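The values are calculated or read from the model by the stated rules, or taken from the named source; none is laboratory data. Predicted, not measured: the structure shown is a model, and the values here were computed from it. Note that we place each Cβ from the backbone using ideal geometry, even for glycine, and neighbour counts take in every protein chain shown.
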Amino acid sequence: MSIINYANKEIQFKIVYYGPAVCGKTTNLAYIHSQVGPDNKGDLVSLATAADRTLFFDFLPLNAIAVKGFKTKFQLYTVPGQVIYDTTRQLVLRSVDGIVFVADSQWEKMEENLESFKNLEDNLGKQNLNMESLPYILQYNKRDMPNIAPITYLEYVLNNRKVRVQSFEAVASTGQNVFATLNAISRLLLYKFTRESDLASKRSKTSVLMSTVK
Amino acid sequence: MAFRFPFFKSKKPAEAPASPPPAAPDVPPPPPPPAPEIAQKIVPRQGNLAAALRAATATVGGGASPAQSAIFKPKVSIVLKPEASAAPAPPPPAPVMAEVVAAPELSPLPDTPATIEIPMAEILHLLPENVFKPGAAEGASLPDMISLSTSEILPQLPKGRVQVPLGTILAAFPPDLIDTSVADSSNLKIKIPLHLIIPRLPESVMSLPRDQVKQQVDASIEVPFSERRARPATPPATPDVPKGTSVEELLAPAAVPVPDTPPAPPLSPLHEILGISDGRELRIPEIAEQIRVRFNLLGVMIATEDGLPMAGSLPSDLDSNAWCGLGHLLFQRFSKNGGATRTEPRRCMLSFGTFWLTIWQDHGIYLLFVHQLETVTAEFEQRGAVLAREVALQCQQQNKTS
């Protein structure tokens, strides 16, 4: 659920980068952080283990365009991909507005990708959320590796649903399609916000009209 | 990277007492650990017999891998999700999100082979050593390939792994090699690497549902974020992945008829030159950056008639203010001299030894390129002139708007 601050005319969206361990979620955020101007970003908060794996989560606040008079702020989070940190993943998913599921394109990671996707669905379910209503994007990362699965297979196992979501081939380490992915999920959230805002506005006008008639 | 936690008190990074993110005040109890998968994974053992068998089958090739790419024909349609509203007018379309449905189990299609052949050498090391009789491999006739039934494989594809009973694989070996007491009592399943299976299957078995609808995206929403500088020049291994292009766009055939969709407006020359296909309005800084990437330039600046920099960047050792001013002065001088001959210079190229400066002028807007000599081609010259015109028009237009 996005946080709307009417006093400051500000709206905050929470985007979580989800996926199996070592799939490149933190790399995505690090690249975004390196490319966004200093006026539009906060500190990239990251807590990693000695082995450089994300232990807690990464957090990156970003300022973006104004929509309907509201300044928009995006908070990017990652989750630890390791299986044992499921509680942390559930915490990070609280009040999420949109998901970027980062899949590792390597053959040997297919099962982990699917386990992670299932875990995402399970954890959303624990918060009475589901992927029917939650905007999400797929990113097939590490496309520069030699042992990658074809897109047909990745799409078959991860995007085989009633609605085909947007998906991007990416190389997060070089930034390829990192911003395309971020922009895609951001635009979905902005669209959802503007649409709901329009609906709310229509409802309030109708209410005023009804009360006037009475 | 220096790790900072400005809004969290310092806490030891641990799973259980982890500090929640701002919007996560409640901590649900950790679920019990998942039950371990029983006897599903076999640790490869590299015993002597296995090594002997591998050597015996070393001549077996890896098999030809069919092309991995495939073309989807996604059905382009929009699903509208009705939403309750007190307003009498019908609500605008809701954003379409993915609905969760179970991935359909695959059934063999008419063009699906009943079996696929996998080189035995590729999976030999996956077999447990003790299923073979000691020393039996010497001089034995070993199979080159093993046939696996697609009816057994296809239902497992959505799970991201394929397992085959050990007995199925052992059936391909001469019976006198197998220790039947071990093989018969074993319920083990062998995990076959996917890269041995997927390329041998027709792509039609992985086709997506025909009634699948596309996630709705509102093109009127402005792109929120842009990169400050171009990505490093190291080319990716998959050069056919253009920036900002989704997988769906890549897989979609070029000439898919889209019913009920109004034709896209024609792209401006600026969009065409920069290779931007969505026709969105480009901001001046973005144009400068796109030009730099498109022509592999060292730097690009867009400057006003007075020589003031508007957008772009130059290499760090060059002063952008000075260079924009130089362009202004140069053209001022040229115009002064050229006035008598009724010529109006549009482009000026200067060499500075290690690099070149090319300046275009159009409608009082200067477009400065810093580049290497090799960059100068016929296309560079032709498109540079068009770009200068288009950039000038954009500047005028956006100046009016603002």
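If I ask for residues that are under 25 Å from residue A:190 (Cβ atoms) and in contact (Cβ under 8 Å) with a residue 12 or more places away in the chain, which ones from segment A:132-145 would you list?
From segment A:132-145, those under 25 Å from residue A:190 (Cβ atoms) are A:132-141; that's our starting set.
Of everything in segment A:132-145, those that are under 25 Å from residue A:190 (Cβ atoms) and in contact (Cβ under 8 Å) with a residue 12 or more places away in the chain turn out to be A:134, A:135, A:136, A:137, A:138, A:139, A:140, A:141.
In segment A:144-173, which residues are surrounded by fewer than 20 Cβ atoms within 10 Å (Cβ to Cβ) and more than 22 Å from residue B:214 (Cβ to Cβ)?
A:145, A:146, A:147, A:173
Select from segment A:170-193 the residues that are touching a strand residue (DSSP E or B) at 6+ places or on another chain (Cβ under 6 Å), assigned to a helix (DSSP H, G or I) and more than 8 Å from every other protein chain (Cβ to nearest Cβ) and list them in ascending order.
Selection gives A:181, A:185, A:189.
What are the residues in segment A:125-158 that are more than 7 Å from chain B (Cβ to nearest Cβ) and under 15 Å from residue A:181 (Cβ atoms), if any?
A:137, A:138, A:139, A:141, A:142, A:154, A:158
Would you tally the residues in segment B:273-284 being surrounded by fewer than 21 Cβ atoms within 10 Å (Cβ to Cβ) and under 14 Å from residue B:388 (Cα atoms)?
Qualifying residue count for the region: 2.
In segment B:130-161, how many are modelled with pLDDT of 80 or more, more than 30 Å from residue A:117 (Cβ to Cβ) and either in contact with a Gly (Cβ under 7 Å, 6 or more places away or on another chain) or acidic (Asp, Glu) (or both)?
Total meeting the criteria: 1.
With respect to the numbered conditions (1) facing another protein chain (nearest Cβ under 10 Å); (2) crowded, with 24+ Cβ neighbours inside 10 Å; (3) within 21 Å of residue A:154 (Cβ to Cβ), which one is the sole condition not fulfilled by residue A:80?
Result: residue A:80 fails condition (3) only.
State all residues of segment A:67-83 that are in a strand (DSSP E or B) and not charged (D, E, K, R); if no residue qualifies, say none.
Of segment A:67-83, the ones in a strand (DSSP E or B) are A:67, A:70-78.
Hits for segment A:67-83 are A:67, A:70, A:72, A:74, A:75, A:76, A:77, A:78.
I'd like to verify a number: residues in segment A:84-116 that are facing chain B (nearest Cβ under 9 Å) and either in a strand (DSSP E or B) or touching a residue at least 12 places away in the same chain (Cβ under 8 Å) (or both), how many?
Going residue by residue through segment A:84-116, those that are facing chain B (nearest Cβ under 9 Å) are A:84-88, A:90-96, A:107-115.
Subset that is either in a strand (DSSP E or B) or touching a residue at least 12 places away in the same chain (Cβ under 8 Å) (or both): A:85-86, A:88, A:90, A:92-96, A:107-110, A:112-115.
Residues in segment A:84-116 being facing chain B (nearest Cβ under 9 Å) and either in a strand (DSSP E or B) or touching a residue at least 12 places away in the same chain (Cβ under 8 Å) (or both): 17 in total.
From the list B:275, B:299, pick out the single residue that is closer than 23 Å to residue B:376 by Cβ and touching a residue at least 60 places away in the same chain (Cβ under 8 Å).
On the way: B:275 fails: touching a residue at least 60 places away in the same chain (Cβ under 8 Å).
Among B:275, B:299, only B:299 is closer than 23 Å to residue B:376 by Cβ and touching a residue at least 60 places away in the same chain (Cβ under 8 Å).
Let's see how each residue does on (1) in contact with a Pro (Cβ under 7 Å, 6 or more places away or on another chain); (2) more than 30 Å from residue A:195 (Cβ to Cβ); (3) small (Gly, Ala, Ser):
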position: A:101; (1), (2), (3): no, no, no
position: A:111; (1), (2), (3): no, yes, no
position: A:123; (1), (2), (3): no, no, no
position: A:144; (1), (2), (3): yes, yes, no
position: A:150; (1), (2), (3): no, yes, no
position: A:164; (1), (2), (3): yes, no, no
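Restricting segment B:153-194 to residues that are touching a residue at least 24 places away in the same chain (Cβ under 8 Å), under 34 Å from the mean Cα position of the chain (by Cα) and in a helix (DSSP H, G or I), which is nearest to residue A:149 (Cα to Cα)?
B:194
Looking only at segment B:348-381, which residues are touching a residue at least 12 places away in the same chain (Cβ under 8 Å), under 32 Å from the mean Cα position of the chain (by Cα) and in a loop (DSSP other than H, G, I, E, B)?
Within segment B:348-381, B:372, B:376 qualify.
Is segment A:131-138 home to any residue that is modelled with pLDDT under 95, part of a loop (DSSP other than H, G, I, E, B) and of a type in the set (Asp, Glu)?
yes
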